[in-house]
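See below for the structure under consideration.
Just so it is clear, none of the values below were taken in a lab; they were calculated from the coordinates. The structure presented is a predicted model; accordingly, all values stated were derived computationally and were not measured. Quick reminder, even Gly has a Cβ in these numbers, built from the backbone with ideal geometry, and neighbours come from all protein chains shown.
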Amino acid sequence: MGEDPKSRSVKYTTVSIPVTLYNRLKKIIEGTGFANVSQFVTYVLREVVVDYERAKEGEEVYSEEEKEKIIDKLRRLGYL
């Protein structure tokens, strides 16, 4: 029988984000497989960390075209 993932001893902490961002993320995850905003944010941060670590090791993470798309998305989300 498989181990229940909730039974693992995983420690969590709290990270604060603006309520307006939380509400936007809540709308984004509607109809997806994410159960809540925390789950989505954890997924996104893991992806960012992996990309950062790869870049630090000298691996090419994104093409120039992909970088431009990411920058455009960040602008549309109000981060740039």
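Here are some notes:
- Excluding exposed DSSP-loop trypsin sites (Lys or Arg not before Pro) (at most 14 other C-beta within 10 Å), longest clean stretch of the chain: 12-80
- Calculated from backbone phi, Karplus (6.51, -1.76, 1.60) coupling profile of the stretch 22-37 in Hz, x at Gly/Pro: 4, 5, 5, 5, 4, 5, 4, 7, 4, x, 9, x, 7, 6, 7, 5
- Residue among 15, 48, 37 with the largest mean-square fluctuation in a Gaussian network model of the chain, springs linking Cα atoms under 10 Å: 15
- Put in order of Cβ neighbour count within 10 Å, fewest first, the listed residues 72, 51 become 72, 51.
- Given 11/69; 27/73; 26/56, the pairs whose alpha carbons are separated by over 25 Å: 11/69; 26/56
- Taking the chain as a Gaussian network of alpha-carbon nodes connected by springs under 10 Å, the highest mean-square fluctuation of the residues 22, 62, 12 belongs to 12.
- Full extension of the chain between residue 36 and residue 24 gives 3.1 nm of extra length, using 0.36 nm per residue less the Cα-Cα distance.
- Couplings for the stretch 64-74, taken from phi via the Karplus curve 6.51 cos²θ - 1.76 cosθ + 1.60 with θ = phi - 60°, read 4, 5, 5, 4, 4, 5, 5, 4, 4, 5, 5 Hz in order; Gly and Pro are left as x.
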